[in-house]
């Protein structure tokens, strides 16, 4: 007679713990109507700038927005929003995100570091646990949108957040026009398709420079590469964001660009993208 195999008690307890954690995450996520990732295959394309200005645009439109920074090794959201030095408060077992305005809440590992110069030296499992805590323990409350700023590439962080959310609405791809950036975004689109994550569209950042004095356009990094790639890959093209020196100044000063430079061509381009995202809410 075959000997009965007993499941070790520790395995049963771990399985129960995991089930409880998944239930807690589902409970939190159910309060968030739409979850949108901002992805890029290449660093330095302005992904975090896009994530911040998209979140601020949605908040200015009256939407309840959460901005989650899962760039564990290079969190830049606190700097861009002038939130450096803020610390996370606890309410019972829950962590309270930092409130920028009544409609905008932010969470980043940057709030948990002792100094902005601290380096996070973690392997994949620790990053997964941190991202899980951002979803399970943070008191996001009812949100219309959760915008998730991911690090470049298709590694642990974007994979973890997609698996933990279960069924996010989709991803916005950020690229610059050069082929060296566009080729990496192609890989990101393939990543999304392998995970059944809808690609909401491609945004071409740093697409030409419009002189603020004469209005003449100069394509410093070429132009149209993101639009051409989107057509090749069969995904929507969300538009072009021109180079604007005021974006750099706004990020360094911690002042959201779309709020302080709302009349510029670049701010209007961000607004067009946010309006496309808002359609998700209107059609839900």
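The values are calculated or read from the model by the stated rules, or taken from the named source; none is laboratory data. Worth saying up front: this structure is predicted, and the values here are computed from it rather than measured. Neighbour counts are summed over all protein chains in view; Cβ atoms, including those assigned to glycine, are modelled from backbone coordinates with ideal geometry.
Against the condition over 17 Å from residue 157 (Cβ atoms) and without any contact (Cβ under 8 Å) to a residue 24 or more places away in the chain, how does residue 23 come out, does it pass?
yes
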Residues being farther than 17 Å from residue 55 by Cβ and in contact (Cβ under 8 Å) with a residue 60 or more places away in the chain - total across the stretch 81-102: 1
Unmet requirement for residue 239, which otherwise passes all of (1) touching a helix residue (DSSP H, G or I) at 6+ places or on another chain (Cβ under 6 Å); (2) modelled with pLDDT under 85: (2)
Those residues of the stretch 54-64 which are in contact with a helix residue (DSSP H, G or I) (Cβ under 8 Å, 6 or more places away or on another chain) and assigned to a loop (DSSP other than H, G, I, E, B), in sequence order: 61, 63
Positions within the stretch 192-218 being crowded, with 18+ Cβ neighbours inside 10 Å and in contact (Cβ under 8 Å) with a residue 40 or more places away in the chain, in sequence order: 192, 197, 200, 201, 203, 205, 206
Filtered residues of the stretch 130-164 (kept if closer than 24 Å to residue 57 by Cα and without any contact (Cβ under 8 Å) to a residue 60 or more places away in the chain): 139
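Considering each of 81, 135, 95 in turn, give the residue that is touching a helix residue (DSSP H, G or I) at 6+ places or on another chain (Cβ under 8 Å), surrounded by 15 or more Cβ atoms within 10 Å (Cβ to Cβ) and farther than 20 Å from residue 38 by Cα. Let's see the steps before the verdict.
Details: 81 fails: farther than 20 Å from residue 38 by Cα; 135 fails: farther than 20 Å from residue 38 by Cα.
Checking each option against the conditions leaves just 95.
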Count of the stretch 165-191 residues which are within 22 Å of residue 54 (Cα to Cα), outside any loop (DSSP other than H, G, I, E, B) and without any contact (Cβ under 8 Å) to a residue 60 or more places away in the chain: 2
Those helices (runs of 4 or more DSSP H) lying entirely in the stretch 224-284 with at least 3 residues farther than 21 Å from residue 58 by Cβ: 225-233, 245-253
Any hit, the stretch 139-148, residues being surrounded by fewer than 20 Cβ atoms within 10 Å (Cβ to Cβ), more than 16 Å from residue 229 (Cβ to Cβ) and within 14 Å of the chain's Cα centre (by Cα): no
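Conditions tested, residue by residue: (1) buried (at least 17 other Cβ atoms within 10 Å of the Cβ); (2) out of contact with any helix residue (DSSP H, G or I) (no Cβ under 7 Å at 6 or more places or on another chain); (3) farther than 23 Å from residue 206 by Cα.
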residue: 32; (1), (2), (3): yes, yes, yes
residue: 52; (1), (2), (3): yes, no, no
residue: 69; (1), (2), (3): yes, no, no
residue: 87; (1), (2), (3): no, no, yes
residue: 90; (1), (2), (3): no, yes, yes
Condition broken by residue 125, with the remaining ones in (1) in contact (Cβ under 8 Å) with a residue 12 or more places away in the chain; (2) surrounded by fewer than 17 Cβ atoms within 10 Å (Cβ to Cβ) satisfied: (1)
Conditions (1) under 21 Å from residue 270 (Cβ atoms); (2) modelled with pLDDT of 90 or more; number of the one not met by residue 220: (2)
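Give the number of residues within the stretch 13-40 that are closer than 21 Å to residue 128 by Cβ and not in a strand (DSSP E or B).
So the answer is 18.
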Single unsatisfied condition, residue 74 versus (1) crowded, with 21+ Cβ neighbours inside 10 Å; (2) within 21 Å of residue 154 (Cβ to Cβ): (1)
